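Structure, as structure tokens:
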Amino acid sequence: MRRTATPRLSLMLLSFLLALAPAAQALDPDKAFHHYVRNNWSIEQGLPQISALSLAQDRQGYLWVGTQAGLARFDGIRFVVHNPDNAPGLRGIWIHDLHADDDNRLWIATYRGVSVHDSRGFHAVPLRDGDPDRLLDTSDLQAMPSGEIMVAAPDGVWRIRDDALELAHPLPLPASSLMARGDELWVGSRGRVFRIADGQVHVLPLPEGDDDTVVTHLLETQGRVWAGTSAGLFFRDGTRWSRHEGGAPLSESPIEALYADRDGNLWVGLVRDVVRLRAGRVREVISGDRQVSAVRAVFEDREGNLWFGSHWQGLNRVWNGWTRRYSEHEGLADPILWSVARGGDGRIWVGTNDGLAELRNGRFEMIVRGEDLPHPNAYTLLPEADHVWIGTRLGVVRWNGRALEAPPELAPLRAAQINGMLRDRAGALWLATNSGLYRLTRDGLRGFGAAEGLRDPRTRLLYQTRAGRLLLGTQTGLYEIVGEQLQPLGTDSGLRPDLDVTSIHELPDGRLVIGALSEEIFLFDGERWTGFGSEQGLPVNSAFFITDDLDYLWVAGMRGIFRVPIADLTAVAAGQAERVAGEMVLNERGDRHGGQKGFCCNGAGNAKGFFDRGQLWLPTRDGLVAMATAGIVRNPVAPRTLIERVRVGEQWRDADPSADWTLEQGERDLSFEFTVLSFQDPGSTDLRYRLVGYDADWRTLDDINRRTVNYTNLPPGDYVFEAIGANNAGLWSPAAAQLGFTVQPYFHETRLFQGLIVALVLTVLYAGWRQQLGAHRRQRAALEQLVRQRTDALEAVNHRLEDASQSDPLTGLRNRRYLASQIPADLAFYSREALRPGARDEVMVFALLDIDHFKAINDRHGHAAGDRVLQQVAQLLNQQVRGGDYVARWGGEEFLLVFRPLPPQHLPVIGERLRAAVAGHRFDIGGAEPLHLTCSVGLVEVPTLRDSRGTPGWEQWVEVADRALYHVKANGRDGWAAFRFPAGADAAQLMQALGGDVAGLVVAGRVELVTSRPGRR
């Protein structure tokens, strides 16, 4: 098959609109392969198998990947895997070739025959004649100008006609590859190529000695017909085949892939290497690159991304990016760089982690080894006419072109880290170090410290403006060197005194810009400094280097590189805007909308970058990065947005707009699965969606990897779900994807039902009005009688409802709700009675009873047995009270008994009577033997202290009974106890004290403990 990018006509309007988008350049041919941006996907990301053997992009924009374990559809985020198990129409799992036609059908050549995928799903293509169960090993597909699909097979070339396979050209040798050349069909085979034209078969043999060489690929490009074979690359030279003149490995190694991109590159996949040819000549051999080894398929998508399918490394995608990175490929032994500087002669010097190097003709040449420097890190550089100053972490030395020199006058700096160096216009050499500022002149070395106005000796960098002002950036602010003194700058006009200044730059109009470690930049307009950070629209980054290209300010730091329009900075500083349009173009972490991913910059100081002839040069943790500021070309291809599936209830359906989407009455919970097809940076795409008829506005999908949204309990009506996506450059799809559906109403939600209700109401009203006119008196009497009846009935119902709401359904006893309304009323009544002359000294008694070991009954006999016990206890307790007393289920196995006023001496009698009643009862739980149970009872007298201070509520008295109950539980259960407060005591205070040391209160005499087990406290 001819592996080349070819424009096709589309019958679909959206495809036509997408075709109007500008074509994206595939790969800059002047870049080395390792300068491109690359990503890899394998089984960890969802690819069914590590071998990507064939690639195709359909008209919708999906990328299809054929593997040895099935077929995968890829949208940049998710792989959807198809195999004969979940797609019976797919002939086999080993996919040899793929072809997407103009009708958005995907043709699939497998080792067991041909299948096709269309809007209806997967279908096996049958053989027209012969055994219908025959398994045909198909290796290649080729579309002819007529649209006919040709198929390579062991017995010749087959064609697909009327959705069936028929043998078109029987051949004496297996067909291994196909190429359409106009109306001719070229067929690769063993030792030869068959050229089929006008029904005639012509043999084009390979050179002598290559009788067993298999032609695996055929391609016409760069003015030649190429044949990739099992023994190297051949081309058609007049009337014969010739080996490629480039020599090994191209002319000898088996060719595994051939592809021509739209920029004129011919990509040749070998067993281990990949070769790029231009104009027939070898431009680059990519060798030793693990990700693109054993390439079996190459494909260029419509955005200009180039895809490599590897036999071992899955799927790899490369795109141009906008940087070149000079690192280990160019000869760096250690890729960590600290500094870069351009000399006046144009030479580029690089301070590495292990010495000084020079970038010359795209290669690094080591000049000074790290072991020869005072410290291996060449942290800052200053190239001059005939030497290079090298600042290290332990002093400074000078390279004179032949040897290193250590000027004796700089000996005091041997322990200092040199952060920056600058030669001023007067000829003095300035050095910013971590131990102060120094100046070297003919008169010797002079230090500047606290006496000269420097608040902190940790200095970072030096900068001389075009007007000759000498500026110093330190960890405690910005200074200007004036004579022999250092004067702080900006502290009275917008700069913080503790600002850690990491970079300084002067704009063409003389305004100053500084960067700070606090991830801010500051602009001085001549009067005030204006700060810019993330709140003002800047990407988060500490500025180690700042420059400009007249239009943009470029800022490089640890997190990467960003740019911001200078006009935006000016507008914000003038109060004419609130935010700037900061844009990250290179970032280390691969953040969304962060531009190209890649390592960036190291350290603050001088020689941390330079800008020359439109190129930004920066030292990074992975070599020297060069970025052409005018070369940042955003993805110009508008993506396609698609709705893939809809889940109605628990069933997923393909989102076929032509299907009937009238849902059943109960189908009101829907999920929509949708996607945007853009592959340059899929993680930086955007998706918006809305349900027209439900959502007021567009919603943004927060997690771009989870491309599913849910709607529940939709009301009846007509809806349209819409989704629209943008690529990584913010370019939106030309049209939103849409799917309309209808949620049918229940009968009571229809207008007919509502009309019937209105009509019924009107009819009733009319009948009533007529009846009133005819018999007003009789109706009035009847209505009055009816009102009385209804009132009586309503009162009865309300009484029953109130009674039910205040009763426990299991035991029939009163519940807490009853107590909450009844006890306060009883207390108020008995308090008034106690004030009457001659009233007896009586108290109410609360008894809180708990069944001992009740949980064991549930655990051993079941909850039904426990319920029977509770019902029998309720009956027992009802037998122990008087007519005015009442029993309530307090909760679980606890019961509260409220006794109307009685003499205080009756309290022990009540406690013992309750305890004995439970202990003496035989509880029938439906088993062979009844149960013997015990209980614990806590009692309290209410009110016990008629003259006590405070007015505790009844709930607090229940808590006192609960404390007494707890005492019984803690002392063996099967008993009762009560706490009595002495006369005149503060009841509320004592109640609070009962939450602590109860025994201490009893011993101190503050509380009296009455119990069935005297002597225990």
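Nothing in this text is a laboratory measurement; each read-out follows from the coordinates by a stated rule. Source: prediction; values computed, not measured. Every residue, glycine among them, receives a Cβ derived from its backbone with ideal geometry; neighbour counts consider all protein chains shown.
Quick look at the values:
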{"read-out": "Two-decimal ratio, region 640-743, of alpha-carbon radius of gyration to 2.2 N^0.38 Å", "value": "1.06"}
{"read-out": "Degrees between helix 776-805 axis and first principal axis of the chain (Cα, 0 to 90, nearest 10)", "value": "80 degrees"}
{"read-out": "Environment charge at residue 890 (Cβ cut-off 11 Å; Lys +1, Arg +1, Asp -1, Glu -1)", "value": "-2"}
{"read-out": "Protection-proxy order for peptides 30-39, 239-248, each taking the mean of Cβ atoms within 10 Å per residue, highest first", "value": "30-39, 239-248"}
{"read-out": "Backbone HN-Hα couplings from phi across region 874-889 [Karplus 6.51/-1.76/1.60, Hz, Gly and Pro as x]", "value": "4, 5, 4, 5, 4, 6, 9, 10, 8, x, x, 7, 8, 10, 9, 7"}
{"read-out": "Sequence ranges 853-866, 672-685, 86-99, ranked by mean other-Cβ count within 10 angstrom, highest first", "value": "672-685, 86-99, 853-866"}
{"read-out": "Cut-off 11 Å between beta-carbons: net charge of the residues surrounding residue 214, Lys and Arg +1, Asp and Glu -1", "value": "-1"}
{"read-out": "Full-stretch length increase - residue 671, residue 111 - with 0.36 nm per residue and alpha-carbon distance subtracted", "value": "197.9 nm"}
{"read-out": "Note, ³J(HN,Hα) from phi for region 328-336, Karplus 6.51, -1.76, 1.60, rounded to Hz, x at Gly and Pro", "value": "4, 4, 9, x, 6, 6, 10, x, 7"}
{"read-out": "Kirkwood Rh and Cα Rg combined as Rg/Rh, region 324-405", "value": "0.93"}
{"read-out": "Extended-chain gain in nm, criterion 0.36 nm per residue less alpha-carbon gap, residue 615 and residue 203", "value": "142.9 nm"}
{"read-out": "Spatial separation of Cα centroids for region 180-229 and region 866-916, in angstrom", "value": "105 Å"}
{"read-out": "Among 340, 395, 357 the positive-end extreme of the charge dipole of region 324-405 (Cβ point charges)", "value": "340"}
{"read-out": "Cβ-Cβ FRET estimate between residue 423 and residue 528, R0 fixed at 41 Å, reported to 0.05", "value": "0.85"}
{"read-out": "Net charge of neighbours whose Cβ lies under 14 Å from the Cβ of residue 417, counting Lys and Arg as +1 and Asp and Glu as -1", "value": "+4"}
{"read-out": "Rg(Cα) / (2.2 N^0.38 Å) computed for region 809-1011, rounded to two decimals", "value": "1.05"}
{"read-out": "Size descriptor, Kirkwood hydrodynamic radius, that averages inverse alpha-carbon separations across region 84-162, Å", "value": "12.6 Å"}
{"read-out": "Cα pair distances exceeding 16 angstrom across region 459-502, given as percent", "value": "32 percent"}
{"read-out": "Principal axis dimensions, the chain - Cα atoms, whole angstrom, descending", "value": "132, 101, 73"}
{"read-out": "Size of electric dipole in the chain: Cβ of Lys, Arg +1 and of Asp, Glu -1, about Cα centre, debye, nearest 20", "value": "2060 debye"}
{"read-out": "Dipole magnitude of region 196-345 about its Cα centre (Cβ charges: Lys, Arg +1; Asp, Glu -1), debye to nearest 20", "value": "400 debye"}
{"read-out": "Estimated distance in nm for a label pair at residue 509 and residue 829, the labels positioned 7 Å out from Cα along Cα-to-Cβ", "value": "9.1 nm"}
{"read-out": "Sparse-neighbourhood loop sites, GluC sites (Glu not before Pro) in region 568-598 - DSSP loop, at most 15 other Cβ within 10 angstrom", "value": "578"}
{"read-out": "Separation of the residue 697 and residue 760 label points, Cα + 7 Å toward Cβ, nm", "value": "4.3 nm"}
{"read-out": "R0 of 45 Å, Cβ-Cβ distance residue 1008-residue 928: FRET efficiency to nearest 0.05", "value": "0.45"}
{"read-out": "For residue 489, distant residues with modelled amide H under 5 Å away", "value": "478, 479, 480"}
{"read-out": "Projected-area average for region 520-669 over all orientations - Cα convex hull basis, square nanometres", "value": "14.9 nm²"}
{"read-out": "Helix-only [θ]222 nm of the chain, DSSP H runs n ≥ 4, -39500 (n - 2.57) each, per residue, nearest 500", "value": "-5000 deg cm²/dmol"}
{"read-out": "Helix axis angle, 816-834 relative to the chain longest principal axis, alpha carbon, degrees", "value": "40 degrees"}
{"read-out": "Rounded FRET efficiency, nearest 0.05, which uses the C-beta distance separating residue 480 from residue 409 and R0 of 30 Å", "value": "0.70"}
{"read-out": "Share of alpha-carbon pairs per 10 Å distance bin for region 249-341, given as whole %", "value": "15, 42, 30, 11, 1"}
{"read-out": "Dipole magnitude of region 378-452 about its Cα centre (Cβ charges: Lys, Arg +1; Asp, Glu -1), debye to nearest 20", "value": "80 debye"}
{"read-out": "0 to 90° range, to nearest 10: angle between helix 907-919 axis and the chain longest Cα axis", "value": "70 degrees"}
{"read-out": "Extension gain from residue 400 to residue 653, taking 0.36 nm per residue of separation minus the Cα-Cα distance", "value": "83.5 nm"}
{"read-out": "Where a label projected 7 Å from the Cα of residue 248 along Cα→Cβ would reach, residues of region 269-292 with amide N under 18 Å", "value": "270-275, 285-288"}
{"read-out": "Base-10 log of normalised Debye intensity for region 355-397 (one unit scatterer per alpha-carbon) at q = 0.25 Å⁻¹", "value": "-0.88"}
{"read-out": "Computed label-point distance, nm, for sites residue 384 and residue 282 using a 7 Å Cα→Cβ extension", "value": "4.7 nm"}
{"read-out": "Zone of residue 718's modelled label, taken as backbone nitrogen in region 734-760 under 12 Å from a point 7 Å along Cα→Cβ", "value": "740-743"}
{"read-out": "Over region 838-878, volume per residue of the alpha carbon convex hull, in Å³", "value": "72 Å³"}
